[in-house]
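Q: First the structure, which I've put down as structure tokens, then a few questions once you've had a look.
The values are calculated or read from the model by the stated rules, or taken from the named source; none is laboratory data. What you see is a predicted model; the values in this text were computed from it and never measured. Please note: Cβ atoms are built from the backbone with ideal geometry, for glycine as well, and neighbour counts cover all protein chains shown.
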Amino acid sequence: MNFPVELFINSMIAGLLLGGFYAAVTSGISISFGILDIVNIAHPAFIILGSYIAYILNTRFGFDPVLVSIVMLPVFYWLGAAVYQVYYLSFEQRGQEALRGLAFFFGLLFVTEVGLILVFGVDYRYVQAPYIGPSIRLAGFDLPLRMLVPFLLSLLLFAVLQLILTRSFIGRAIMAVSQDPLALRLMAADPIRIKRAAFGLSIATAALAGALLIVIQPVEPSVGREYIGRVFAICVLGGLGSLPGTLIAAMLLGVVESLTSTFYGPSWAPAVAFGLLLLTLAFRPSGILGR
Amino acid sequence: MDNRIAIEGVHAAYGSVRVIEDVTLNVESGETVVLLGTNGNGKSTLMKCIMGIVRPSAGSIFAEIDGVRHDLVGRTTEEIVDLGIALVPEGRRLFPKLSVEENLLLGAYRRSARKQIGKNLGFCFSMFPRLAERRRQLAGSMSGGEQQMLALARALMLAPRILLVDEPSVGLAPILVQRTIESIQELKERYQLTVLMAEQNFSQAIRIADRGYVIVHGKIAFEGRSADELNNNDLIRKFYLGM
Amino acid sequence: MRSPVFFVVALVVGAVVFAASRYVENEYFFFAGYVVLQFIVLATAWNILGGYCGYVNFGSAAFFALGAYATVTIHKLYPMPIPVLMLVGGVVSGIVGFATGYLTLRLRGAFFAIATLALAVVLQTLIINWDFVGGARGAYVIRPNSFPLLGSYIQYLFGMMLLLTVISVAGARAIERSRLGYGFATIRDDELAAEASGVPTLRLKLIATTISGALMGMAGAPFPYYIGYVEPGTAFGLAYAVNSIAMPMIGGTTSWIGPVIGAILLGTVQQVATVTISSAVNLLIVGILLVDFVIIAPNGIVGLVRDRRIGSTTVEPTVFVLLYVLNLLPTIFLAKQGQAAQSIGLVFWAILFFVTYARGRMIGRVWLMVFPWIGAGLSLVPVTSETPVVSTVVLWSQGVAWLAIDPPTAVLIVSLVIQVIGMIYGAALERRTPAMTTP
């Protein structure tokens, strides 16, 4: 039997594009879980919320979903900051984040999902935009714009985040805050404020990731749960606290998932992330680029 | 412009355990004052009181920065640091997973320090060439002496007026202790700092001290108005020289 | 009470309950009772790991479903009696629990939680792809109509589940008071310190994951016979994952009685509610109660009764607003579900009174409580069961929420104007589309 080279390369390309999108989805978790040590399992719920906001404004007024998400960035930032404030006051401050804090985020995940089901039902929703549908041909391979646009935007998001985290004062403080909050106070920075800003930033990325999600695939409220395994797998695989690691791991997962669904069938794809997660945890818990 | 600290009648306790009792102490502008005492006598707690990390149960702590008087009791640590008082904490407390350079830049988080970032960074690297060589290395992977240098340099990046140094000699080889003490003196002169240093290594500390206090069981047991006075008192002999 | 004595007492109580239930004519009682008992087992099992050790398991549904699918597999090969199935289900889920624990417990606690979350998705994927047990289509398991001696088969299932409940509750209580339980508690309080002082933490955690997983599997084993038709969607249902966390959290996690109280309360409410309320609203209620309790009553109902104290952060502005908005959600949805549903809405109104009172007292405006009172009153009057009125009240109470944050007057006015515009817009929409008739 001949090895289907063309199929393989096509699948690789699809995987890389998908991986770019996964990176956008994971970037928020990479900040909240990877850097701040806050296990925000409700993150996918915020992403789905972003998808629905893009959906509403797209179908009602015909706004571009990505543009909507960029306008929504500050709203999500403040939402995230408020959620962190509640989390800090009720759980982190009292040292109860391990059990009750996790349950709190689980509750939020759940309430958001069920709330969306009650308002919008379980039908799949989709958006319309000029880049959904057409493809460009490059060196004989089709690149669907529906995947390419999210891929490029995701790379842009990573570049911006990496710049913020390594080049700005607040960014460096965010990198430092979970290592030694007291030492940070000795640098005249309030750790709670830094964490609030960082968590706001992480939720802000969910606005963009949500818009990209609904550009790539139709969305219904429980889609978010499929991403929980993926985002944490990517985050751990890439190495906690490392954005470049997250990007590499996301590409890796995208490619492996794409190859799996091409050669074994799409129904197996969700299992890939977990397999990868377990392998990472068992053999290299610090991930690819873990510090 | 004057930069001084005045502590009066400060008491502090952890729960019901009294750590500091009625400590009165002052550091005048441009002085290097040492706080001598062996482990567990309350030196670090006093430092923490000044920095707002531990709240004194009684007494007052004032700081004069560039001629302006500030009441430190009741302020948060961030506010106190922002006034221009820097602490090099015991155990150095670097950010181990950040690079040397990132640690230094974090030191300049304070708004008024950001303006002088280029100048201060240049000075740190010229004073500690070792840090310049290792600027990309993770702070946690450096040796103890290098870490102490980094901790000092990081405090300097804050562009402080008053520098508090808590136990700079802990965990260092004797030759490194000597070098660290000398760098503190050099920094002080270069930046015209007011320095309060808590230290148990008497013979090293005394080399740069203008004057000092001996703290025993949370109380000031002896005040030496000059390095000589400190050198020639019975308490010091008893505690340090075993005579 | 010593543990063996307690076991005997629990057994006697169980037998009395079972004997008494024989006089119940209505078969529905057994169907509902079975579910409540099943939740007691799940909640108790979750609590052995979550409450005693402090390790959160989000994958209860996966362990439950494994037990159920073990039964489906055996049923296809060679049908066996329920007790055997329970044991097999327990062994299968116990092994998976052990394996998950072994791979993740050497890392920080959060990794275990994440792994269990992913485990549910993956096991579901595996089952969907496994044609032998029906794949995505599901499998029929024909329940025998009757059982010798007892008559109806559902009574037999009820009895078996009652027995499992007695065993797991007595077991949890025994663990709590044994050396094992003390070991668990040291892990929960400070794992590093426990390890440093010689507690074999890894071994203890593995014991906990195994026992907890096994009990969940045992609870799932009779499920196919109860339901008659198993498909991945129901067996891996969200309801199991969220209930098995919410029940101990609401009851109280530190003692065996907490999950039992939580499961009986929530389980019963849900069984009563499913008749009148859609299952989505049902899950919403559980989710919101979970968030409410972790904030307002960190130690659950047991803690409320014991300490007579509530979470002190309830009065903080951001926390208050979150609680207020969250608890308004079900009152909106319940208002659309007819009269019976509104009695459940009362629970949320009560929580709204409480948080408004706490916050009002804090800022010296206790009178703000009149707004939730009006809302609750109107939602009970028959005339106002139509949505516009209720939602109007809800919107106004939301205005109160803003008031209670104590913002500058300008912010208050802007927010009220926005809300009035929203109301008018909503009313206009209502008029254009004929109102939905509730059956």
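Q: In the stretch B:97-108, how many residues are within 12 Å of B:LEU156 (Cα to Cα) and among the hydroxyl-bearing types (Ser, Thr, Tyr)?
A: 0
Q: OK, next. Give C:THR165, C:THR116 a once-over and let me know the one that is of a type in the set (Ser, Thr, Tyr) and within 14 Å of chain A (Cβ to nearest Cβ).
A: Exactly one of C:THR165, C:THR116 is of a type in the set (Ser, Thr, Tyr) and within 14 Å of chain A (Cβ to nearest Cβ), namely C:THR116.
Q: I'd like to verify a number: residues in the stretch A:64-84 that are more than 8 Å from A:ALA207 (Cβ to Cβ) and buried (at least 17 other Cβ atoms within 10 Å of the Cβ), how many?
A: Going through the stretch A:64-84 one residue at a time, the tally reaches 11.
Q: Answer with yes or no whether B:GLY52 is within 11 Å of chain A (Cβ to nearest Cβ) and closer than 30 Å to B:ARG225 by Cβ.
A: Against the criterion (within 11 Å of chain A (Cβ to nearest Cβ) and closer than 30 Å to B:ARG225 by Cβ), B:GLY52 qualifies.
Q: Looking only at the stretch C:287-302, which residues are touching a Leu at 6+ places or on another chain (Cβ under 9 Å) and facing another protein chain (nearest Cβ under 8 Å)?
A: Within the stretch C:287-302, C:GLY287, C:ILE288, C:VAL291, C:VAL294, C:ILE295 meet the criteria.
Q: Something else now. Take the residues of the stretch C:236-281 that are within 20 Å of C:ALA120 (Cβ to Cβ) and surrounded by fewer than 22 Cβ atoms within 10 Å (Cβ to Cβ): which is modelled with the lowest pLDDT?
A: Out of the qualifying residues, it is C:SER279.
Q: Same structure, new question: Quick one: in the stretch B:1-49, which of the residues that are loosely packed, with under 14 Cβ neighbours inside 10 Å and among the β-branched types (Val, Ile, Thr) is modelled with the lowest pLDDT?
A: Ranking the candidates gives B:THR38 first.
Q: Give me the helices (runs of 4 or more DSSP H) completely within the stretch B:84-132, filtered to those with at least 1 residues that are crowded, with 22+ Cβ neighbours inside 10 Å and at the interface with chain A (Cβ under 10 Å from one of its Cβ atoms), ordered by residue number.
A: Helices (runs of 4 or more DSSP H) meeting the threshold: B:100-107, B:111-114.
Q: Could you list all residues from the stretch A:124-176 that are more than 22 Å from the chain's Cα centre (by Cα) and of a type in the set (Phe, Trp, Tyr)?
A: If the condition is that a residue be more than 22 Å from the chain's Cα centre (by Cα) and of a type in the set (Phe, Trp, Tyr), then A:PHE141, A:PHE169 are the ones that fit.
Q: Check the stretch A:272-288 and report whether any residue there is under 22 Å from A:LEU155 (Cβ atoms), in contact with a Ser or Thr (Cβ under 7 Å, 6 or more places away or on another chain), more than 10 Å from chain C (Cβ to nearest Cβ) and part of a helix (DSSP H, G or I).
A: Within the stretch A:272-288 (the criterion being under 22 Å from A:LEU155 (Cβ atoms), in contact with a Ser or Thr (Cβ under 7 Å, 6 or more places away or on another chain), more than 10 Å from chain C (Cβ to nearest Cβ) and part of a helix (DSSP H, G or I)), the answer is no, since none of the residues qualifies.
Q: Say we look at the stretch C:103-113 and pick out the residues that are at the interface with another protein chain (Cβ under 9 Å from one of its Cβ atoms) and more than 22 Å from the chain's Cα centre (by Cα); which of these is nearest to A:GLU226 (Cα to Cα)?
A: Per the stated criteria, the residue is C:PHE111.
Q: Answer with yes or no whether C:ASN282 is over 30 Å from C:TYR153 (Cα atoms) and not assigned by TED's automatic domain parsing to the domain that holds C:GLY134.
A: In short, no.
Q: Additional query: Pull out all pairs, ordered by first then second residue, where Cβ-Cβ is under 9 Å, the residues are six or more apart or on different chains, the first lies in the stretch A:6-19 and is touching a residue at least 24 places away in the same chain (Cβ under 8 Å), and the second is charged (D, E, K, R).
A: Short answer, once both residue conditions are applied: A:ASN10/A:ASP142; A:ILE13/A:ASP142; A:GLY15/A:GLU257; A:LEU18/A:GLU257; A:GLY19/A:GLU257.
Q: Within the stretch B:71-83, restricting attention to residues that are more than 7 Å from chain A (Cβ to nearest Cβ) and acidic (Asp, Glu), which residue is farthest from the chain's Cα centre (by Cα)?
A: Checked the stretch B:71-83; the qualifying residue farthest from the chain's Cα centre (by Cα) is B:ASP71.
Q: A further question on this structure: So is C:ALA335 at pLDDT below 70, small (Gly, Ala, Ser) and surrounded by fewer than 21 Cβ atoms within 10 Å (Cβ to Cβ) or not?
A: no
Q: Need at least 3 residues that are without any contact (Cβ under 8 Å) to a residue 24 or more places away in the chain per element, so show me which helices (runs of 4 or more DSSP H) inside the stretch B:162-243 make the cut, counting only ones lying wholly within it.
A: In the stretch B:162-243, the matching helices (runs of 4 or more DSSP H) lie at B:174-191, B:227-231.
Q: Within the stretch A:107-200, which helices (runs of 4 or more DSSP H) (wholly inside it) include 1 or more residues that are away from chain C (no Cβ under 14 Å) and touching a residue at least 24 places away in the same chain (Cβ under 8 Å)?
A: Ranges flagged: A:145-167, A:169-177.
Q: Yes or no: the stretch A:191-199 includes at least one residue that is within 30 Å of C:PRO330 (Cα to Cα) and either hydrophobic (A, V, I, L, M, F, W, C) or at pLDDT 90 or above (or both).
A: Checked against the condition, which is being within 30 Å of C:PRO330 (Cα to Cα) and either hydrophobic (A, V, I, L, M, F, W, C) or at pLDDT 90 or above (or both), the stretch A:191-199 yields at least one hit.
Q: Having 1 or more residues that are more than 14 Å from the chain's Cα centre (by Cα) is the bar; report the strands (runs of 3 or more DSSP E) wholly within the stretch B:1-55 that clear it.
A: Here the list reads B:4-14, B:17-27.
Q: Kindly indicate which of B:LEU98, B:LEU106, B:LEU83 is in contact with a Phe, Trp or Tyr (Cβ under 8 Å, 6 or more places away or on another chain) and modelled with pLDDT under 95.
A: Checking each option against the conditions leaves just B:LEU106.
Q: Scan (1) over 14 Å from the mean Cα position of the chain (by Cα); (2) within 14 Å of chain C (Cβ to nearest Cβ) for the single condition A:VAL215 breaks and write down its number.
A: Status for A:VAL215: all satisfied but (2).
Q: Please work out which residue is nearest to the other protein chains (Cβ to nearest Cβ), limiting yourself to the stretch A:89-101 and to residues that are surrounded by fewer than 22 Cβ atoms within 10 Å (Cβ to Cβ) and closer than 17 Å to C:VAL315 by Cβ.
A: Of everything passing the filter in the stretch A:89-101, A:LEU89 is nearest to the other protein chains (Cβ to nearest Cβ).
Q: Out of everything in the stretch C:122-160 that is in a helix (DSSP H, G or I), away from chain A (no Cβ under 11 Å) and more than 26 Å from the chain's Cα centre (by Cα), what residue ends up being surrounded by the fewest Cβ atoms within 10 Å (Cβ to Cβ)?
A: Ranking the candidates gives C:ASP131 first.
Q: Please verify whether B:LEU46 is in contact with a helix residue (DSSP H, G or I) (Cβ under 9 Å, 6 or more places away or on another chain) and on the phi < 0 side of the Ramachandran plot, treating the condition exactly as stated.
A: So B:LEU46 does not fit the description; no.
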